[in-house]
Amino acid sequence: MKTPYPHQTAAIEVIDRKNLLLSDDCGLGKTLVAIIAGSQQVPRFNRSGLIIVPKTLREQWQQEILAQDFTSSAIELFDGQRSIDRLNSTDLPMFTIIHYEAVVKWVNELERVFFSFICVDEAHRIKNRSAQRTSAIKRLVAHRKLAMTGTPYDKNPADVWSILNWLEPDFFRSYWQFYNSHVNYKEIEVSRGKWVKVINKAQPVRDTENFARLLRQFSLKRTKKEVRSDLPERIDQYVDLQMNSDQADYYAKIVNAEDMLVALDDNELNDQLITIQLTRILRLIQVTTDPTLLGVKSSSVKLNWVMDWLEDNPSESVIIFTRFRETAIKLHKQLEGFQLIIGGEKRRIITSEDRGIVGTIATMGVGLDLPHIDNAIFIDVEWSSILMQQAIDRIHRINIDNVKHLYFLRCQDTVDELVYRAVRDKWSTKELVENFLRGSVALQREI
């Protein structure tokens, strides 16, 4: 049974008084806060607490609740009509754990149930106010609401409105009023009579003090350093590699393909062209990661580096990230004793005995608490800064005792460098494509 830290106790006390957006840094123990706060609300109304999570995290939440000395009968993994019947019976579970897709499917039945407590984990998934999952969740009724995400917004500060609107709909009524009040933008005429709002990337918030003051009324946001000043440091190392000759030849072949040479014209950069070029970018990343993903018989300088590192550091704990499912499976077959975590498969519960893990960034970026892992290797990266930060925070957490080493592999003079810039500068997909086209044309001339 875990004992909450002082910062967790403070959050639990706030939730007892009001709805809350808990946006602490990843790794500060938001799950434990939700379990304790929820367990305090349930007896007051004799109604179940609902925990809404990504599908892959249901069993993880179940284990976390059991670890707090609750019995299995206190937990209901939502299972359609059987669970609806139990929610309407006298044999109520303390916690009902449901995934987003099931909320959408069963919303007509769920909205008739009064919940003592609703927790939405990874709440940035409801930042799109028009999405089905967002609309469904906002139809549910509860005494107390908790939204949890370390990244309530990324590029657009107004993304947080949808979460706040769920928490306090009477206060946050109008999206556009919120947008116009807090987003630093200018209107640009893109064609005759057609204007678009363009956010200032360098300073997206209109008035940072006013915005922070507003958020403080409805949210808690603590950083790792604020909570623990002696937190061991995180050391990032960027490992620049040269592709082997087969990789380089195939990479150049793709870059020089006739359909890659697109003149950059803002008027022509429509959604179709962006989609096409994102596919090209992905193909080039596959070449730098592992050419066999494209059916090319070639070794990978990155995978060779990983195997060399493992051979040189046999006693080190490590988690290996890649964006490609096939690459994770390939490595898992070669690495004895490693656990595999990928999408589409039931996740095994990871314990402190597991010293080697390999999987995909998107799947391993949530729900894992790995303070015992001291090293992380990113074979490639997602161009979403949110996904990357979530992945990094799996090992750099409040309860760590050792320095954490992160290795980011990138092939020199390739699209890898562009994608790393996209993550660092939080580019939109349009900006990524624009810079890719400029860079690919320049690269083609140099080859």
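Read-outs: derived from the displayed coordinates by stated rules, not from any lab. Since this is a predicted model, take the numbers as computed values, not measurements. Virtual Cβ from ideal backbone geometry, glycine too; neighbours counted across all protein chains shown.
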Candidates LEU66, LEU284, LEU140: whichever shows maximal mean-square fluctuation once the chain is modelled as a Gaussian network with Cα springs under 10 Å = LEU66
Calculated from DSSP helices alone, with each H run of at least 4 adding -39500 (n - 2.57) and the total divided by the residues of the chain, [θ]222 nm to the nearest 500 comes to -12500 deg cm²/dmol
Under a 5 Å amide H to amide H cut-off, with H placed in plane at 1.01 Å, what residues pair with SER219 once short-range neighbours are removed?
-> LEU21
Could you put CYS26, CYS119 in order, starting from the residue whose Cβ has the fewest other Cβ atoms within 10 Å?
-> CYS26, CYS119
Considering only ILE395, ILE281, ILE235, give the residue with the highest GNM mean-square fluctuation for the chain, with springs between Cα atoms whenever their separation is below 10 Å.
-> ILE235
Take peptides 344-351, 89-96 and line them up by average Cβ neighbours within 10 Å, highest first, as a rough protection proxy.
-> 89-96, 344-351
Ranked list, fewest to most other Cβ atoms within 10 Å of each Cβ, for ILE400, ILE274, ILE97 = ILE274, ILE400, ILE97
Do any of LYS145/LYS346; LYS105/LYS186; LYS2/LYS224; LYS201/LYS225; LYS346/LYS430; LYS105/LYS333 go past 30 Å between their Cα atoms, and which?
-> LYS105/LYS186; LYS346/LYS430; LYS105/LYS333
Amide H of GLU76: which non-local residues (sequence gap of 5 or more, or other chain) have their own amide H closer than 5 Å, using H built in the peptide plane?
-> PHE95, THR96, ILE97
To the nearest 20 debye, what is the magnitude of the charge dipole of the chain about its Cα centre, counting +1 on the Cβ of each Lys and Arg and -1 on the Cβ of each Asp and Glu?
-> 1660
Could you pull out the trypsin sites (Lys or Arg not before Pro) across region 146-215 that fall in loop regions by DSSP (anything but H, G, I, E, B) with no more than 15 other Cβ atoms inside 10 Å?
-> LYS155, ARG173, ARG192, LYS201
Please give the peptides 384-391, 429-436, 48-55, 354-361 ranked by average Cβ packing (other Cβ atoms within 10 Å per residue), highest first, as a rough proxy for protection.
-> 48-55, 354-361, 384-391, 429-436
